[in-house]
1. May I ask you to list the residues in segment 6-36 that are touching a helix residue (DSSP H, G or I) at 6+ places or on another chain (Cβ under 7 Å), farther than 30 Å from residue 193 by Cβ and surrounded by fewer than 20 Cβ atoms within 10 Å (Cβ to Cβ)?
2. It is to be established whether one or more residues within segment 145-154 are under 23 Å from residue 75 (Cα atoms) and either in contact (Cβ under 8 Å) with a residue 12 or more places away in the chain or surrounded by 19 or more Cβ atoms within 10 Å (Cβ to Cβ) (or both).
3. Kindly provide the set of residues from segment 77-110 that are modelled with pLDDT of 60 or more and not in a helix (DSSP H, G or I), ordered by number.
């Protein structure tokens, strides 16, 4: 039971850190500031549903993708770790999720739920890499169930954060948001390094014993 608990906590922290709904709050608030409350709720609902759909798809098809492209588990962990480290560095350096050109293009779109909110802001390549990595670490049906629960919970939190984005933006100052983002970035950096270690160690053992 303790093993499952720690697996769930580790999975949740990993996915929540890479998705980071709080970092999407200023983007959502900026892109929807001229719209009605009904529109904001609808966009938040669709975006969180898209996040759920994207992550579930890769949760189900992750193993098949690895087999189809002939990607080893070690290769996935190393590549995923590098992707996660890249996202962590962006968070630590306070880089914006959207470039100015992307911001302007998003403001002109009628529906921003799928792009840019769901993809790539919330469920980008880093989140996909984490999901596939977690599924490869799963050893039983309970592990898979916990991963699915984690995906649903993080998707729900995405909706909550976007739904309350304007309140959060007003109540939580920029300094607090940057501090939280840096903390999540550091956690994410540690996760990315551990992914690479988990990928490199089996290769080193094979090299030295082979």
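The values are calculated or read from the model by the stated rules, or taken from the named source; none is laboratory data. A quick note: this is a predicted structure, and the numbers were derived from the prediction, not measured. Cβ sites come from the backbone with ideal geometry, for glycine too, and all protein chains shown count toward neighbours.
1. The answer is 29, and nothing else.
2. Within segment 145-154 (the criterion being under 23 Å from residue 75 (Cα atoms) and either in contact (Cβ under 8 Å) with a residue 12 or more places away in the chain or surrounded by 19 or more Cβ atoms within 10 Å (Cβ to Cβ) (or both)), the answer is yes, since at least one residue qualifies.
3. 93, 94, 95, 109, 110
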